[in-house]
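Enquirer: Quick one: this structure, given as structure tokens, is what I'll be asking you about.
Here, each number is a calculation from the coordinates, and none is a lab measurement. None of these values were measured; they are calculated from a predicted model. Cβ placement follows ideal geometry from the backbone for every residue including glycine, while neighbour counts extend to all protein chains displayed.
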Amino acid sequence: MTKRLAEVAKKAGVSEATVSRVLNGRSGVSEATRASVLTALDVLGYERPTKLRGERGRLVGLVLPELQNPIFPALAEVVTGSLAQRGFTPALCARTIGGVSERDYVEMLLDHQVSGVVFAGGSYALAKAEHGHYRQLLDRRMPVVMVNGGVDGLGFPHISTDDAVAVEQAFGHLRSLGHERIGMVLGPEDHVPSRRKLAAVKEVAGWPDAEAEWPVERTNFSMESARLAATRLIQRGSTALICASDVLALGSIRAARRLGLDVPRDVSVVGFDDSVLMTCTDPPLTTVRQPIELMGQAAVDVLVNQIEGAAATTDELLFEPELVVRGSTGRVPH
């Protein structure tokens, strides 16, 4: 017990006596100090006393699907910094293959009495995935914000990039370079942002209704699966590829090179995200930039408003992306 008091006191920046007062529900402690002690208790993984378990601390969960795609660490940097400025302590939860699932993280965050949760790239974006843990959060009236498009009917606000505008920008750029055979490297069939991108490209390209004729390949968002998908599209005659992420775009560039082709002389490639280091790739990647800083700050604003008692809106807040032209796109080969 003495060790726990010392650790919590150090983390919260208060005396052990103050920690003891908070844990025993005594008076004489300001609300700010009390919140700091409870948050320190949560962060260190100690259980709250029974009488305090019904109260939420100033701890906010940030649940990400991975950290290998640099767009997710970039979002985490914005969200955690913005939360800290608002007086909240972020708890980063990144899923790993064979590791802790999103459902497990939700259980852990609920056990720690978090004030709210920000999700990015979670199961909510997959139509065929399990969504029961989101309903659990809704039943608890937990403040939640989801970044980028998800399935309908979950009852939480979304902060999203406008996928239709992203595709229009990428497609228009490639068409201006003379490309007519433009392929798409997308995520899984039930991935909602990929569905939106597909719907947009069908509209702007005027593709036929027969799905078998669409120049589309789907992947699991890994570089190797993107290489295989892009190889099939190039072999079918695509001279340009629009990809649903920068990671998929880099896999597509690798595919072209494995086929003995040059990017952009033989094949043009457009990514999506504009994650860090895309200016340093060979060639530098043409991509559609997500306004991650604005989206991350908006997600925190919406979440904190809920925490402070504002009614949650189920509306989706769309942010316009920006095409960034670099060296991976060029005129159609003759």
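Enquirer: Over the chain, calculate the relative contact order: mean separation of alpha carbon pairs under 8 Å at least 6 apart, over the residue count, as a percent.
Expert: Dividing the mean separation by the residue count of the chain yields 17 percent.
Enquirer: With r as the distance between the Cβ atoms of residue 301 and residue 214 and R0 = 56 Å, compute the FRET efficiency 1/(1 + (r/R0)^6) and round to 0.05.
Expert: 0.90
Enquirer: What's the angle, to the nearest 10 degrees (0 to 90), between helix 31-43's Cα axis and the longest principal axis of the chain?
Expert: It works out to around 60 degrees.
Enquirer: Moving to a separate point now. Relative contact order (percent) for segment 163-290, with alpha-carbon contacts under 8 angstrom and 6 or more residues of separation?
Expert: Relative CO of segment 163-290 lands at 24 percent.
Enquirer: Using packing as a proxy for protection, rank 253-260, 296-303 so that the peptide with the highest average count of other Cβ atoms within 10 Å comes first.
Expert: Ranking the peptides 253-260, 296-303 by packing returns 296-303, 253-260.
Enquirer: Provide the descending list of Cα extents for the chain along its principal axes, expressed in whole angstroms.
Expert: For the chain, the Cα extents along the three principal axes come out at 80, 37, 33 Å.
Enquirer: Okay, moving on. Let me check against my output: what whole-number percent is the relative contact order of segment 2-50, with C-alpha pairs under 8 Å and at least 6 apart?
Expert: For segment 2-50, the relative contact order is 34 percent.
Enquirer: Which residue fluctuates the most in the chain, going by a Gaussian network model with Cα springs under 10 Å, if the choices are 293, 107, 211?
Expert: Fluctuation is largest for 211.
Enquirer: Can you tell me the order of 227-236, 124-133 when each peptide is scored by its average per-residue count of other Cβ atoms within 10 angstrom, highest first?
Expert: 227-236, 124-133
Enquirer: For residue 128 and residue 257 in one chain, what is 0.36 nm times their gap in residues minus the Cα-Cα distance, to one decimal in nm?
Expert: Additional length available on full extension: 43.0 nm.
Enquirer: Using the beta-carbon distance between residue 236 and residue 190 and R0 = 22 Å, what value does 1/(1 + (r/R0)^6) give for FRET efficiency, to the nearest 0.05?
Expert: 0.40
Enquirer: Along the charge dipole of the chain, pointing to its positive end and built from +1/-1 on Cβ of Lys, Arg, Asp and Glu, which listed residue (275, 109, 23) has its Cα farthest out?
Expert: Checked the options; the winner is 23.
Enquirer: Continuing with this model, one more query. Identify which of 238, 252, 268 has the largest mean-square fluctuation in a Gaussian network model of the chain, with springs joining Cα atoms closer than 10 Å.
Expert: Result for the chain, Cα springs under 10 Å: 238 fluctuates most.
Enquirer: For helix 163-176, report the angle its Cα long axis makes with the longest principal axis of the Cα atoms of the chain; keep it between 0 and 90° and round to the nearest 10°.
Expert: The angle comes out at about 30 degrees.
Enquirer: Now, a different point. If packing is taken as the mean number of other Cβ atoms within 10 Å per residue, what is the order of 180-191, 276-287, 214-225, highest first?
Expert: Ranked by mean Cβ neighbours within 10 Å, highest first: 180-191, 214-225, 276-287.
Enquirer: Hey, another quick one. Sort segment 163-290 into rounded, prolate or oblate with this rule: let a ≥ b ≥ c be the square roots of the eigenvalues of the Cα gyration tensor; rounded if a/c is under 1.5, and if a/c is not under 1.5, prolate when a/b is larger than b/c, oblate otherwise.
Expert: Since a/c stays below 1.5, the shape of segment 163-290 is classed as rounded.
Enquirer: Under the classification rounded if a/c is under 1.5, otherwise prolate if a/b is larger than b/c and oblate if not, where does segment 2-50 fall, given a ≥ b ≥ c as square roots of the Cα gyration tensor eigenvalues?
Expert: rounded
Enquirer: Nearest 10 degrees, 0 to 90: what angle lies between the long axis of helix 102-111 and the longest principal axis of the chain (Cα atoms)?
Expert: 20
Enquirer: Find the all-direction average of the projected area of the Cα convex hull for segment 266-312, expressing the result in square nanometres with one decimal place.
Expert: 4.3
Enquirer: According to a simple spin-label model (label point 7 Å from Cα along Cα-to-Cβ), what is the distance in nm between residue 138 and residue 176?
Expert: 4.2
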